[in-house]
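Some notes on the structure that comes next.
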Amino acid sequence: MRISVIKATGVVGLFCVVAPDYCRPARGAPVETPAEMPEDGGKVAITSTTTSQQMASAGGSFPQKTSWGRIRPTHPVMQSIQLYPPAASGPAGVTVPSDTTEDSFFPADFHSWLTQSTMTGNWHGWRTWLMNKGVNISGHYFEDSAGNPMGGKSQNVRYAHEVGINVDFDLKKLTGYQIGLFHFIVTSRAGLGLGAKLPALDSPQEIYGSPTVRLSLLSWEMPWNHYVRTSVGEINAETDFETWSYYWGMNNYCQFQSNAICGMPQSIAFNSGYSYYPTAHPGAWVKFYPAGNDHYSVQFGAYSVDPTIANTHNGWKMNLHGATGTFLPFQLVWHQGGKDDYSGPLQTNVKVGGYWDTSEVSNVYSHLSTFDIPMQYLVTAPVSNVRGRFGGWFQFDRMLQRDQNDSKRGTSFFGSFTWGDPRTSVAPYFVDWGLTRKGTFASRPDDTISLGMKFLWVNPKLTNWVRELQASGVTGVYKPTGEHAIELNYGWRPTPWLLIRPGAQYIWSTGGTNRYKNPIIVDAEAGITL
């Protein structure tokens, strides 16, 4: 069985990916309490289940006197803070979308359609009216295409897409009582992945999967005061633990198509019961803010470990039947920076965390089949069961510079190290890093160019076992050592609601061995905020 985690990281709307200048709640504000949350709906609707710490880890963006809620864990390429309607003004030189003037179902002209924040507009004012009443509806279409003209086991081209609908309910506006937020996401995904054809341990595409309609989020979130926030329901760990940060309103990890980088460092999903988008598992988290702001936080979670939820026919599974244990993560977050990415100190985030997974699983030798070891040799492997898995991570990201003559342009960096239980982990050591430059040409202030790499080292226990097999005279088997990759892409944002991102990838030791030639991959992503 080849290991290639099928996931994509989560979306609120491509709006802030393609038009991040309109998506900047101020940083450093106190965590909002229910009493501080306004009833007028404000200009900014920040939708999510991630909590203030996610806002901190994502760039420390706490909403100030805005409609409450936060970043939604839908597809990370498109995940961001969303505005309905946009603010009446923005940074110098920013052309504000025209949603506030939409009085019909159709835009006045082609230019108005290209400058509005979503493809479908304001629905004759109904979208804003619903949001002011406490119901925020958004949607997205997202596609991944990739092909390998050379290298790998064979040459192929693959396409996959996802359509998602997100609904957030502000229960204060709906009921008159400060009882939190209710979140709902449903996704539909179809298409094929290139990873199995190469083969690759990490898929070069963020998404793929057979036609599936899936519950991706159903949760109740409650900000109790300046210091505590909780969430419970059908959720996943990817949204809140070892996850991304936000720069210019954009998910920094998901400026890449490679599934090794986008969303979270991929090895944690290989090595544990860590749950990921678009799946939803019974779970809960609590986040503490000792200073009452986003400068540092402590968070804990508990999630059901159930590998069967990822199966096609279990898209709406909402029980504990088949669960193997509980995934128990914790994380410490430190954040510094200005009120946004356009002024003040440059943003910096440090996250340190770990987990304990209570599941009983087979040890690492049970994964030898991943590397095409013939069955007659697999039966001799010392496979045994282990109770409990553990691991940890360190993440760092920072805005490296901001252009002096145009604060909307700059460069960000991230890097991470993930470690897994050597008894059970296929990839106990994993490193990734990425650079993103926002503002590429004089006329393209919102376009990006990104360069990233991942380094995956296979458990040396597997390497040594195959080496001994070769020393005994066995031929036709290849030592698993690791799989490394690099990606370069260009993010073109022709409108506030459209992203087109062509790119290229190169993989060393695809599949973790030197069985096949290193593949070159040509890829393209596109996303639309509906």
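The values are calculated or read from the model by the stated rules, or taken from the named source; none is laboratory data. Please read all numbers here as calculations on a predicted model, not as lab measurements. All Cβ positions, even for glycine, are placed from backbone atoms using ideal geometry, and neighbour counts span all protein chains on display.
Structure summary
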item: Residue check, ILE373 buried (at least 18 other Cβ atoms within 10 Å of the Cβ) and closer than 27 Å to THR513 by Cα; result: yes
item: Test: GLY344 is of a type in the set (Gly, Ala, Ser), closer than 22 Å to GLN299 by Cα, surrounded by fewer than 18 Cβ atoms within 10 Å (Cβ to Cβ) and out of contact with any Pro (no Cβ under 9 Å at 6 or more places or on another chain); result: no
item: Given (1) small (Gly, Ala, Ser); (2) surrounded by fewer than 18 Cβ atoms within 10 Å (Cβ to Cβ); (3) modelled with pLDDT of 95 or more, number of the condition GLY134 does not satisfy; result: (2)
item: Options GLU234, GLU238: the member that is assigned to a strand (DSSP E or B), out of contact with any helix residue (DSSP H, G or I) (no Cβ under 7 Å at 6 or more places or on another chain) and among the acidic types (Asp, Glu); result: GLU234
item: Number of the exception - SER117 against (1) among the hydroxyl-bearing types (Ser, Thr, Tyr); (2) modelled with pLDDT under 95; (3) more than 29 Å from the chain's Cα centre (by Cα); result: (3)
item: Near pairs, Cβ below 6 angstrom, 6+ apart or cross-chain, from segment 140-153 (surrounded by 24 or more Cβ atoms within 10 Å (Cβ to Cβ)) to any residue that is assigned to a strand (DSSP E or B) and not hydrophobic (A, V, I, L, M, F, W, C); result: HIS140/GLY164; HIS140/THR529; PHE142/HIS75; PHE142/GLU162; PHE142/GLY527; ASP144/GLU525; ALA146/ARG158; ALA146/ASP523
item: Residue within segment 353-363 that is β-branched (Val, Ile, Thr) and not in a strand (DSSP E or B) present; result: no
item: Selected residue (criterion: surrounded by the most Cβ atoms within 10 Å (Cβ to Cβ)) from residues of segment 484-522 that are in a strand (DSSP E or B) and among the polar types (S, T, N, Q); result: GLN505
item: Members of segment 305-326 that are among the small types (Gly, Ala, Ser), within 21 Å of GLY209 (Cβ to Cβ) and touching a residue at least 24 places away in the same chain (Cβ under 8 Å); result: ALA310, GLY315
item: Conditions (1) under 22 Å from the mean Cα position of the chain (by Cα); (2) acidic (Asp, Glu); (3) surrounded by fewer than 20 Cβ atoms within 10 Å (Cβ to Cβ); number of the one not met by ASP357; result: (3)
item: Residue within segment 302-322 that is touching a Cys at 6+ places or on another chain (Cβ under 9 Å), buried (at least 23 other Cβ atoms within 10 Å of the Cβ) and among the hydrophobic types (A, V, I, L, M, F, W, C) present; result: no
item: Residue identified as of a type in the set (Gly, Ala, Ser) and on the phi > 0 side of the Ramachandran plot among GLY415, GLY388; result: GLY388
item: Count of segment 363-381 residues which are out of contact with any strand residue (DSSP E or B) (no Cβ under 6 Å at 6 or more places or on another chain) and touching a residue at least 24 places away in the same chain (Cβ under 8 Å); result: 12
item: Subset tally (residues that are under 16 Å from SER231 (Cα atoms) and either surrounded by fewer than 24 Cβ atoms within 10 Å (Cβ to Cβ) or among the aliphatic types (A, V, I, L, M) (or both)) for segment 284-298; result: 4
item: Which numbered condition GLY473 fails, given (1) in contact with a strand residue (DSSP E or B) (Cβ under 7 Å, 6 or more places away or on another chain); (2) surrounded by fewer than 24 Cβ atoms within 10 Å (Cβ to Cβ); (3) over 30 Å from GLU360 (Cβ atoms); result: (1)
item: Breaking point among (1) at pLDDT 95 or above; (2) surrounded by 24 or more Cβ atoms within 10 Å (Cβ to Cβ), for VAL232; result: (2)
item: Residues of segment 427-466 satisfying the condition of being within 18 Å of ILE500 (Cα to Cα) and surrounded by fewer than 22 Cβ atoms within 10 Å (Cβ to Cβ); result: ARG437, GLY439, THR440, PHE441, SER443, ARG444, PRO445, ASP447, ILE449, LEU451
item: Which listed residue is buried (at least 16 other Cβ atoms within 10 Å of the Cβ), β-branched (Val, Ile, Thr) and modelled with pLDDT under 90, from VAL186, VAL94, VAL163, VAL167; result: VAL94
item: From THR475, THR436, THR463, residue being hydroxyl-bearing (Ser, Thr, Tyr) and assigned to a loop (DSSP other than H, G, I, E, B); result: THR475
item: Enumeration of residues in segment 410-426 that are crowded, with 20+ Cβ neighbours inside 10 Å, assigned to a loop (DSSP other than H, G, I, E, B) and either free of Cβ contacts under 8 Å to residues at least 60 places away in the same chain or not acidic (Asp, Glu) (or both); result: THR424, SER425, VAL426
item: Residue check for GLY121: closer than 28 Å to THR495 by Cα, surrounded by fewer than 18 Cβ atoms within 10 Å (Cβ to Cβ) and not basic (Lys, Arg); result: no
